[in-house]
Amino acid sequence: MAPGQSLPDLLTMRWRDVYFAHWPVDPAVVEPTIPDGLTVDTFDEQAWLGIVGFRMADIRPRFAPIGRSFHELNLRTYVRHEDSPGVYFYTLDADDRLGVKIARRLFALPYYRAKMTARERNGETRFRSERAHPEAPPAAFDATFDPQGEPGTVDSVTLEAFLVERYRFFTERRDSIAVGEITHEPWPLQNADAAIRENTLFEASGFEAPAGDPHLRYSPGIDVTAGWIHAV
C-alpha cells in the first residue's frame with residue numbers, strides 16, 4: 001500500500017499473469033503528449049514507455065458476489081503532479097464490451113475494445129491483441145513471454161520499483177486533471193524473456209517505435225482495490 005494512502009473501495013480485482021515491457025525514451029518525446037499540469041517522471045534522466053498485458057480477474061464492486069474477467073493491454077508512461085508520482089495511460093485495450101464502456105464512464109480513461117487471447121504452453125504465454133473499437137486507430141500486438149526464475153519483491157530505489165510501484169493514475173476529465181488511486185501489496189516480480197512479433201501500439205498513439213530491446217519483467221499477480229477518481 002502506498003504510504004499514508006486511504007481511499008474508499010469502489011472496486012476489487014486481481015491482476016493475473018502480468019507482463020511488463022518498457023523502453024527508455026528521451027523525456028522530450030513524452031513531454032508534448034501529456035496534459036498541462038503533469039510533468040514527465042524520469043529514472044536516470046530517461047522517460048519510459050511501457051506496454052503492460054495481463055488478465056483482469058474477478059473485477060467487481062465491493063460486496064458484489066460475481067465479477068467479470070477479461071484481458072487488458074495498455075500503453076503508458078510515468079508522470080508527476082507536483083510531488084505525486086503516477087501513471088498516464090495513452091490507451092487501454094480490453095476484450096470486454098461492457099468493461100470498456102464502464103471504465104470509460106467511471107474513470108475517464110481511453111479504453112478501447114479489442115479481440116485478445118492469451119494461451120499458455122510449456123510455461124510460455126502467447127499474448128495477442130487486435131483493436132476492434134469503432135473509429136479508433138488500429139493497433140495490434142503479438143508476443144510470446146517466458147517468465148524466468150522465482151518472483152520476489154524489489155528494492156524501492158531500483159528501476160523496477162520506479163516502473164511498477166505506482167499507486168495512482170492521472171487522466172483528463174472535463175478539461176482538468178483527475179486522479180484515481182489504487183491499493184495493493186508490493187509487486188512480486190521475476191525476470192522474463194519475450195519474442196515480440198508485432199507491435200503497433202506506439203504508432204497508433206503517435207510515437208515512433210523506440211529502438212532497442214525492452215526491459216522485461218513478469219508477475220504472477222496481485223489483489224487490487226480501486227477508488228473513485230477525483231480532481232487533483
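Bear in mind that the values in this text are calculations on the coordinates, not laboratory data. The model shown is predicted, which means the values in this text are computed figures rather than measured ones. Reconstructed Cβ throughout: ideal geometry from the backbone, glycine too, with neighbour counts over all protein chains shown.
Rounded to the nearest 500 deg cm²/dmol, what is the calculated helix-only ellipticity per residue at 222 nm for the chain, with -39500 (n - 2.57) per DSSP H run of length n ≥ 4?
Details: 4 runs with 25 residues, N = 232.
Taken over the chain, the calculation gives -2500 deg cm²/dmol.
The stretch between Lys101 and Gln190 holds 28.7 nm of extra length on full extension. This uses 0.36 nm per residue minus the Cα-Cα distance.
Sorting check: for 86-93, 225-232, 25-32, which peptide has the highest mean count of neighbouring beta carbons within 10 Å, and how do the rest follow? Could the numbers behind the result be given before it?
Details: 86-93: 21.9, 225-232: 15.6, 25-32: 14.1.
Per-residue Cβ counts within 10 Å, averaged per peptide and sorted highest first, yield 86-93, 225-232, 25-32.
The stretch 84-104 and the stretch 109-143 have their alpha-carbon centroids 13 Å apart.
Approximating the spin labels as points 7 Å out from Cα along Cα→Cβ, the Ala28-to-Asp155 distance works out to 3.3 nm. The modelled label-to-label distance for the pair Arg126/His215, using points 7 Å beyond Cα in the direction of Cβ, is 3.0 nm.
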